[in-house]
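The structure appears right after this line, and notes come after that.
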Amino acid sequence: VPGRGLFVYVFGDIIGNATYSNPLPLTLDITGTEEEGTGGEFDFGVTYTTSGDTGWNLIGNPFGATIDWDNANWTKTNIEQTIYVWDNTANGGNGDYLLWNGVTGSLGSGLLPPFQGFWTKANAANPVLKINKAGKTSGGVFYKIMGDDIPQIVLLLEVDSLEANTTVMFHPLSSLKHDTFDGYKLKPLSDTFVDFGSVRFDNKIMTINSLPDRFGKILEIPIITGGQVKEQPLTGEFRMTWPKLGDIPGGWTCELTDRVTGAVINLRTEIQYYFSDDATGSKIVKAVVPGDGNTLSPRIQSHSRSTGRERFILRIDPGDSFPEIPRVYSVEPNYPNPFNPATTIQFNLPLESTVGIHIYDLLGREIAEFKPRKYAAGSHKIKWEASTISSGIYFAQVRINETNYIQKMTVIK
């Protein structure tokens, strides 16, 4: 099927059967007319299944020329920015997924060679992914400017010949939980790999964890380490480095805390950190397959914060970089109070949070509601119009994430 990606399993050395023992490499020859789609535009026909959020699609570059995931010739509707390419030469020749989200990633760029297969993820119903044939490229120099000023921390973990990296980046369009720039930690196809990733605030393990670029309190991001060799726990001396601290503001403090040894590593002044693990300390993170089991999907690493798999905590302290953002959660007294006919409720958020407000009378009856929604870090004001409400005492319950704040209000007419 044009544009559909394929997994190919190559095997040989079958005793007593020379048919499957031809020497490698094998060459695939392609002949015929190049696929160009309809009207000069190729439609990948991506799908999304609501049950289990199974929006994974294995597709491929249908052209005989390189295409760039980041150029303007794509139509992307309800499609996330991150692509996943399996590279059999990565991870010391054991293979691993390489990611790119338009800003950063282990793939290095959004360039996809002819016939390259890759995973992409739809995140809502009726997704559309198309590319105009004008998006084909050949030769030349490819310039990457997007992401040059996006703060990011790239961590690299090495043991023996194995390696893996994970990235924490900060973007104005990102969220503490899910956003389009995130890149999931996918379970490798091989049985030998380094297990390395950060834990997102909803407990998913990420290879690229994209967070808001403005916040008023310390972020603590758990980092998992470990791995396996032929299904046995990976042991030995690990080396962690941070080859990129790209555009991190000078006022931010970036530290790693080793929860086993208690060591605190300043990423600005140190260049590497060695630590040991053994069979009792190394944890293999099991994987689950999203969806109903009938939809082809890669395997996403699962995680629970209560398991203690996080060997490290990455702490990002913004210091005084954002003086306009409060350092603590709070709700200000409504003003004016008493009031007629309207009052303002102000709440302060050091981090992006979900906030909902319920207004009750003295008998506990709900008389007004501001439905929960996500707010960016900062101070926010909600105006309550009480022109149709009788005089009396009322209570505003402001729910920030899982915490309730109560304000007493008086209407006088």
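Per residue, how much accessible area does the chain show when a 1.4 Å probe rolls over the protein heavy atoms, in square angstrom?
Heavy-atom SASA per residue in the chain reads 49 Å².
For residue 98, list long-range residues whose amide hydrogen, built 1.01 Å from N in the peptide plane, is under 5 Å from its own amide hydrogen.
So residue 98 has HN proximity to 85, 86, 87.
Check residue 242: other-chain or 5+ apart residues with amide H under 5 Å from its amide H, H built from backbone geometry?
Close amide H contacts, sequence-distant or interchain: 156.
What list of ³J(HN,Hα) values in whole Hz, one per residue of segment 178-186 in order, does the Karplus curve 6.51 cos²θ - 1.76 cosθ + 1.60 (θ = phi - 60°) give from phi, with Gly and Pro shown as x?
8, 8, 5, 8, 5, x, 5, 7, 9
Label segment 119-230 by shape, choosing from rounded, prolate and oblate, from the square roots a ≥ b ≥ c of the eigenvalues of the Cα gyration tensor; if a/c is under 1.5 it is rounded, and otherwise prolate applies when a/b is larger than b/c, oblate when it is not.
It comes out oblate by the Cα gyration axes.
Let me have the relative contact order for the chain, percent, based on Cα pairs under 8 Å that are six or more residues apart.
That works out to 12 percent.
Once the Cβ-Cβ distance between residue 360 and residue 380 is put in as r, and R0 is 25 Å, what FRET efficiency do you end up with, to the nearest 0.05?
0.75
Could you tell me which of 120, 20, 205 has its Cα farthest along the dipole of the chain towards the positive end, charges placed at Cβ (Lys, Arg +1; Asp, Glu -1), taken about the Cα centre?
With unit charges placed on the Cβ atoms, the residue in question is 205.
Tell me, what ³J(HN,Hα) does each residue in segment 383-392 have, in order and in whole Hz, if you take phi through Karplus 6.51 cos²θ - 1.76 cosθ + 1.60 with θ = phi - 60° and put x for Gly and Pro?
Ordered by residue, 3J(HN,Hα) equals 9, 9, 8, 10, 5, 9, 9, 6, 4, x Hz.
Listed here are the pairs 136/187; 204/371; 185/230; which of them are more than 29 Å apart at the Cα?
Listed pairs above 29 Å: 136/187.
Using per-residue counts of other Cβ atoms within 10 Å, averaged over each peptide, order 364-373, 220-229 from highest down.
Top to bottom by mean Cβ count within 10 Å: 220-229, 364-373.
Evaluate the charge dipole of the chain about its Cα centre and quote only its size in Debye, nearest 20, assuming +1 on the Cβ of each Lys and Arg and -1 on the Cβ of each Asp and Glu. Spell out each step's value before the answer.
Values: 36 positive and 45 negative charges, 276 e Å.
Taking the Cα centre of the chain as origin, the dipole is about 1320 debye.
Mind checking the full-extension length gain between residue 263 and residue 388? Use 0.36 nm per residue of separation minus the Cα-Cα distance, one decimal, nm. Don't skip to the end; give the middle numbers.
Details: separation 125, 0.36 × 125 = 45.00 nm, distance 6.04 nm.
Stretched fully, the residue 263-residue 388 segment lengthens by 39.0 nm.
Among 392, 155, 129, which residue has its Cα furthest toward the positive end of the charge dipole of the chain, with +1 on Lys/Arg Cβ and -1 on Asp/Glu Cβ?
So the residue we want is 392.
Quick one: with all protein chains in place, what share of the accessible area of the chain is carbon or sulfur, to the nearest percent (1.4 Å probe)?
Details: 10410 of 20420 Å².
Within the chain, the accessible surface is 51 percent carbon and sulfur.
What residues have an amide H closer than 5 Å to that of residue 49, excluding those fewer than 5 places away on the same chain, when H is modeled at 1.01 Å from N in the peptide plane?
Counting only residues 5 or more places away or on other chains, the set is 54, 55.
What ranking do 164-172, 238-246 get when scored by the average of other Cβ atoms within 10 Å per residue, highest first?
164-172, 238-246
Assign unit charges at the C-beta atoms only (+1 for Lys and Arg, -1 for Asp and Glu), then state the dipole size of segment 1-117 relative to its Cα centre in Debye, rounded to the nearest 20.
With only Lys, Arg, Asp and Glu charged at Cβ, the dipole is about 200 debye.
Would you kindly find the accessible area of residue 402, with a 1.4 Å probe and non-protein molecules such as ligands, DNA and RNA excluded, rounding to the nearest 10 Å²?
150 Å²
The values are calculated or read from the model by the stated rules, or taken from the named source; none is laboratory data. Everything quoted here is computed from the prediction, not taken from an experiment. All Cβ positions, glycine included, derive from the backbone under ideal geometry; neighbour counts span all protein chains shown. Just so you know, the surface numbers come from the protein's heavy atoms only, side chains and all, with ligands and any DNA or RNA stripped out. Shrake-Rupley method; radii C 1.70, N 1.55, O 1.52, S 1.80 Å.
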